[in-house]
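Enquirer: I have a structure I would like to understand better, so I am pasting it below and will then ask my questions one at a time.
The values are calculated or read from the model by the stated rules, or taken from the named source; none is laboratory data. Values in this document were obtained by computation on a predicted structure and should not be read as measured data. Because the Cβ atoms are built from the backbone with ideal geometry, glycine has one as well, and the counts that use them run over all protein chains shown. Ligands, DNA and RNA are stripped out before the accessible areas are found, and what is left, the full protein with its side chains, is counted by its heavy atoms. Shrake-Rupley method; radii C 1.70, N 1.55, O 1.52, S 1.80 Å.
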Amino acid sequence: MNGWLRVLGVDPAATGPTGYGIVESDGRRCRMLHYGALKVAAKRRKECAGAALQDVHARVCGLIEEFSPDALAVESVFIALNMRTALRLAEVRGVILLAAAQHGVLVYSYAPREVKARVAGHGHAGKRQMQLMVRALLSMNETPEPSDAADALAVALCHVQTEQARRRFGLAGQAVSAKPRTLRAAVGSTGLPNEIRPGGATRGGLPRIVSTH
């Protein structure tokens, strides 16, 4: 790889925050550019049935427009979920896929166990273990919070590792391989309203929770 591959990882949620994270790799090392989680306020959910879907779609569109990822990696629906939760999760994934399609970004889907196996070494890793592994793999100064954001970074890392293997061995993927980009400087926060910043922020003082009202 002569350039950097940039991936937007998204961890969709049926009711809780939807995590997102931007990871960039040149084939030898990976770095984190941005991460956080979108939480839709309960009041807004009551006012509009599709509020959560609208906000997730808008957030993913904003991330794509700002960071121009080569690919979007998203977790697939966990088949062990009950029907109601699975349907809600599928709706969230739907608007994520829509945002990617509207911006011409290739989408790759990974099962939760596959993500855990690639990042932590086994498919039954807990959330804390995933957070620590993500921190180590991305050489971050602090453990990514909340866990939803760490999961999104893990999904992005999973795709990076999978894509590297595909290119190395000439394997076919789920979609057309994304073309690597030339090195670009990491960008900072989006500056969106209602962003909560921790006291000890990582590179660029990145937000952790974006709450909509």
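Enquirer: Of the residues Ala73, Ala125, Ala99, Ala49, which is within 18 Å of Gly16 (Cβ to Cβ) and of a type outside the set (Lys, Arg)? I'd like the intermediate steps shown before the answer.
Expert: Numbers: Ala73 fails: within 18 Å of Gly16 (Cβ to Cβ); Ala125 fails: within 18 Å of Gly16 (Cβ to Cβ); Ala99 fails: within 18 Å of Gly16 (Cβ to Cβ).
Criteria check complete, one pass: Ala49.
Enquirer: Turning to a different aspect of this structure: Are there any pairs with C-beta distances below 9 angstrom linking a residue in the range 106-118 that is surrounded by fewer than 17 Cβ atoms within 10 Å (Cβ to Cβ) to a residue that is at pLDDT below 95 and assigned to a helix (DSSP H, G or I), with the two at least 6 apart or on different chains, and if so which?
Expert: Correct list of pairs: Glu114/Thr162.
Enquirer: From the list Glu24, Glu91, exactly one residue is touching a helix residue (DSSP H, G or I) at 6+ places or on another chain (Cβ under 8 Å) and either charged (D, E, K, R) or modelled with pLDDT under 95 (or both). Which is it?
Expert: On the way: Glu24 fails: touching a helix residue (DSSP H, G or I) at 6+ places or on another chain (Cβ under 8 Å).
Criteria check complete, one pass: Glu91.
Enquirer: Restricting to the range 82-93, name every residue that is in contact (Cβ under 8 Å) with a residue 12 or more places away in the chain and open to solvent by 30 Å² or more (accessible area, probe 1.4 Å).
Expert: Thr85, Arg88, Ala90, Glu91, Arg93
Enquirer: Of Gly170, Gly204, Gly104, Gly123, which residue is at pLDDT below 55 and not β-branched (Val, Ile, Thr)? Explain how you work it out, then say what you get.
Expert: Details: Gly170 fails: at pLDDT below 55; Gly104 fails: at pLDDT below 55; Gly123 fails: at pLDDT below 55.
The unique qualifying residue is Gly204.
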